[in-house]
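Here is the structure we will look at.
The values are calculated or read from the model by the stated rules, or taken from the named source; none is laboratory data. Only a predicted model underlies this, so the values are computations on that prediction, with no experimental measurement involved. We place every Cβ from the backbone using ideal geometry, glycine too, and count neighbours over all the protein chains shown. We work out accessible area using only protein heavy atoms, side chains counted, and drop any ligands, DNA or RNA first. Shrake-Rupley method; radii C 1.70, N 1.55, O 1.52, S 1.80 Å.
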Amino acid sequence: MAPTKKIGLVLEGGAMRGMYTAGILDVFMEQGITFNGVIGVSAGAICGCSYISGQVGRTIRYNKKYCTDKRMMSFYSLLTTGDLVGAEFCYHTIPDQLDPYDNEAFLRSKTPFYLVCTNLETGEPEYIHMKDMVKDIDYLRASASMPYVSHIVEKDGMKLLDGGCSDSIPVRAFMDMGYEKNVVILTRPEDYRKKPEKRGLARIFYRKYPKFVKRLEGRPDEYNKTVDDIANMEKEGTCFVIRPKRPLEIGRMSHDVKEVIRAYERGRSDAFDCLDEMKAWMKEEAR
């Protein structure tokens, strides 16, 4: 008998730590593992869209090839375009020309794909159901647009930035959408907790958006509470978590191909290590 509960896949962000997630998702695709829905934040959303389109190896391939390209993610890009992550290069040149994204496969997929952005005017997360990766590419860009080093993305009347500012690991939100059991991929070890952020910078940069400032300043506490909640969900059996056992040896802006490959291979290894256990968990009857 098939499980009666919908099983979701929740993908944390983390800039280049997303290579760990990419390794796990490639194993899932190779093994034919699917979910009733997927939600990602920032780098998690970027990895997740290639999972939905079924493009095994795409994320690691273009990151290996272009991580040293100053148009991708660099202070050069920040100085010349105002975005640390080059918007034109990453969201148009790569997916349209250099390593084409299979939007037709995305459109054929039966798996709903959501991503998280943060609304600057409300300070609240926006959970976007992506219907077309070409038409709605600005939502993906917004989800991964880190504060302080990115232009505000305006889409459908909203002013948006990084989804990690408001809901870094949207497992509760996905449960509220009906995904009662979730596989959660984290990019930090189990004992990681965010430290309080220095106050003042957000109030200078985003003084026009006081609700966003409040959300940014409260982000560490919210993140740490979510991690504690996930630990309880693991014990209850409503979450299956895959995370690195020790910190990933890769910088948020890494241009080191060896670091990129190493993080990706760590993800693959951890996925294979827990594959049988996860499959058994996914087949359990709903309780």
(Q) If you average the C-alpha positions of region 12-37 and of region 164-228 separately, how far apart do those two centres end up, in angstrom? (A) 21 Å
Q. Counting Lys and Arg as +1 and Asp and Glu as -1, each charge on the Cβ, what is the dipole of the chain about the Cα centre in debye, to the nearest 20?
A. 640 debye
Q) What Kirkwood hydrodynamic radius, in Å, does the chain give when the mean of 1/r is taken over all pairs of distinct Cα atoms and then inverted? A) 19.0 Å
(Q) Considering only protein heavy atoms and a probe of 1.4 Å, how much of the accessible area of region 198-253 is carbon and sulfur, as a whole percent? (A) 52 percent
Q: Grab the beta carbon distance between residue 70 and residue 276, set R0 = 41 Å, and tell me the FRET efficiency rounded to 0.05.
A: 0.45
**Q.** Orientation-averaged projected area, Cα convex hull of region 111-203 (nm²)
**A.** 7.6 nm²
(Q) Which one, 278, 253, 240, is farthest towards the positive end of the dipole of region 237-287 when Lys and Arg carry +1 and Asp and Glu -1 on their Cβ? (A) 253
Q: Quick one: check the C-alpha center-to-center distance for region 248-287 versus region 100-115, whole angstrom.
A: 22 Å
Q. Residue 258 versus residue 97, label points 7 Å from Cα toward the beta carbon: distance in nm?
A. 3.2 nm
Q | Under 14 Å from the residue 203 label point (7 Å along Cα→beta-carbon), backbone N, region 144-159 | A | none
Q) What residues from region 207-221 fall in the zone where the backbone N is under 13 Å from a label point 7 Å along the Cα-to-C-beta line of residue 122? A) 212
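Taking only protein heavy atoms into account and a 1.4 Å probe, give the accessible area per residue of the chain in Å². Please list the in-between numbers first.
Working: 13490 Å² over 287 residues.
Spelled out: the 1.4 Å probe surface of the chain, per residue, equals 47 Å².
Tell me the net charge near residue 88. Cut-off is 14 Å between Cβ atoms, residue 88 excluded, with +1 for each Lys or Arg and -1 for each Asp or Glu. Each step should come with its number before you reach the end.
Values: positive: 70, 71, 141; negative: 69, 83, 96, 138.
After counting each charged neighbour, the total is -1.
Hull surface divided by four, with the convex hull built on the Cα atoms of region 134-287: how many nm²? Present the calculation step by step, with values, prior to reporting the outcome.
On the way: hull surface 46.3 nm².
Averaged projected hull area, Cα only: 11.6 nm².
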